[in-house]
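The values are calculated or read from the model by the stated rules, or taken from the named source; none is laboratory data. Keep in mind that what you see is a predicted model, and the values were worked out from it rather than measured. So basically every Cβ, Gly included, is an ideal-geometry build from the backbone, and we count neighbours across all protein chains shown. These accessible areas exclude ligands, DNA and RNA; they are computed on the full protein's heavy atoms, side chains included. Shrake-Rupley method; radii C 1.70, N 1.55, O 1.52, S 1.80 Å.
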Amino acid sequence: MTIHSSKHQDDVDKNARSSYFNLPALDISVAFPQATPASKFPPCASDYYQFDDLLTSEEQAVRMKVRECMEKEIAPIMAEYWEKAEFPFHVIPKLGALRVAGGTIKGYGCPGHSVTGAAIAIAEIARVDASCSTFILVHSSLAMLTIALCGSEEQKQKYLPSLAQLNTIACWALTEPAYGSDASALNTTATKVEGGWILEGQKRWIGNSTFADVLVIFARNTTTNQINGYLVKKDAPGLTVTKIENKIGLRIVQNGDILLKKVFVPDEDRLPGVNSFQDTSKVLAVSRVMVAWQPIGISMGVYDMCHRYLKERKQFGAPLAAFQINQQKLVQMLGNIQAMILVGWRLCKLYEKGAMTPGHASLGKSWITARARETVALGRELLGGNGILSDFLVAKVIMLFFLHLDHFVCKNLIVSNYLKLV
């Protein structure tokens, strides 16, 4: 093809292109028929030590219900929406029917699961799609839990029932452009006025924010200099939210930039239980356990995908699974997952009996994430060229682990008391 000079770098003479230049891509089943893509999700082969035996019958039922929905409803569409960087809003009612939003919250239409049951639900969602699990984590383990633990009785009755059914969606806005790990130093302000508060500031990286019906906003009280919490409704005058573009990880998650310009919040929408940054620890204690189970679920999905792929894909007259170098990698991945599950399960039990410390949570999260990074990297090796296609799952999570979850490792060791324990 001859490229002619042009004022526009990408302006190529259309006549010089081939007749098939703009043809749509082949369907993956035609282009690569030797292995099944993740749109038809593989059966679970990663629970090698039969973790189900440690679960109650109710927790087992939650696990299977979520797994069935994710494999049937989400797996067939996840690559398409990941590529478009759009959220599949049509599946929200199906996720709502799972009764997992609200997790451990009791009453107000919430499921009231055990910590273990709620964690298992997150893992099963993450096993199929990390973005969907992030959507639920932000909505449930951060926003809803903040209302449940720090809200007034009227706020709980007003917001939680609808949020539990996913009829309305919430986000949790703490991070700012200048303050990520150093969130307690946030700049967004709340100034008391007659009948309410005026919020001024900016938030960044807030998941669900572009379509949230209610935004949990943290701001600094200009009178006390302490962090307070507020419930801001969508389309409030002075509130604008824009999507963060050009992400290469968690592309389905709609992270946003929030601008607050003289946003009025009535007194009844101030969270009475948030009077300092320390009050957020009540929420983060539970959310840390839930977040620890996200990389467990992701790793399970990667292993399940690789396990099937290596049995289907043949080279040199034999399935790739027949070669010992590949078997060794699968065994390493499988061993990592068994250990991750047991550490995650122990975190749940420590929390349920009131014995979990910030150090427990931080060590568990950082260690689990490190093992997940190793597991996903091995999965990338095993899939060869197909490891960079979202059709085979691994490509969707490899960037998540190497550009996002590494932040969790550093952050949680810094902000916890773990360093005092070693």
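Data overview
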| quantity | calculated |
| --- | --- |
| Residue check, Ala355 in a loop (DSSP other than H, G, I, E, B), of a type in the set (A, V, I, L, M), surrounded by fewer than 21 Cβ atoms within 10 Å (Cβ to Cβ) and modelled with pLDDT of 95 or more | yes |
| Qualifying position, being crowded, with 24+ Cβ neighbours inside 10 Å and either touching a Pro at 6+ places or on another chain (Cβ under 6 Å) or in contact (Cβ under 8 Å) with a residue 24 or more places away in the chain (or both), among Ile92, Ile125 | Ile125 |
| Positions within the range 227-245 being outside any strand (DSSP E or B) and farther than 18 Å from Trp205 by Cα, in sequence order | Asp235, Ala236, Pro237, Gly238 |
| Scope the range 145-172; condition under 17 Å from Pro266 (Cβ atoms) and not in a helix (DSSP H, G or I); matching residues | Gly151, Ser152 |
| Residue match in the range 301-311 (condition: touching a His at 6+ places or on another chain (Cβ under 9 Å), in a helix (DSSP H, G or I) and open to solvent by 20 Å² or more (accessible area, probe 1.4 Å)) | no |
| Residue selected from the range 128-141 under the condition farther than 12 Å from Val289 by Cα and not β-branched (Val, Ile, Thr), by the criterion surrounded by the fewest Cβ atoms within 10 Å (Cβ to Cβ) | Cys132 |
| Residue match in the range 104-125 (condition: part of a helix (DSSP H, G or I), farther than 22 Å from Ser57 by Cβ and of a type in the set (A, V, I, L, M, F, W, C)) | no |
| Some residue of the range 75-83 being under 18 Å from the mean Cα position of the chain (by Cα) and of a type in the set (Val, Ile, Thr) | yes |
| Top-ranked residue of the range 28-50 - restricted to ones that are of a type outside the set (Ser, Thr, Tyr) and not in a loop (DSSP other than H, G, I, E, B), ranked as most open to solvent (accessible area, probe 1.4 Å) | Val30 |
| Residue match in the range 248-268 (condition: crowded, with 20+ Cβ neighbours inside 10 Å, under 29 Å from the mean Cα position of the chain (by Cα) and over 24 Å from Phe135 (Cα atoms)) | yes |
| Unique match (being at pLDDT 95 or above, surrounded by fewer than 16 Cβ atoms within 10 Å (Cβ to Cβ) and in contact with a Ser or Thr (Cβ under 8 Å, 6 or more places away or on another chain)) among Glu58, Glu86, Glu68 | Glu58 |
| Matching residues, the range 269-279, being open to solvent by 30 Å² or more (accessible area, probe 1.4 Å), out of contact with any strand residue (DSSP E or B) (no Cβ under 7 Å at 6 or more places or on another chain) and modelled with pLDDT of 95 or more | Pro272 |
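A quick yes/no check of all residues on (1) open to solvent by 30 Å² or more (accessible area, probe 1.4 Å); (2) hydrophobic (A, V, I, L, M, F, W, C):
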site: Lys156; (1), (2): yes, no
site: Leu160; (1), (2): no, yes
site: Ala164; (1), (2): no, yes
site: Ile169; (1), (2): no, yes
site: Glu176; (1), (2): no, no
site: Ala183; (1), (2): no, yes
site: Leu199; (1), (2): no, yes
site: Arg204; (1), (2): yes, no
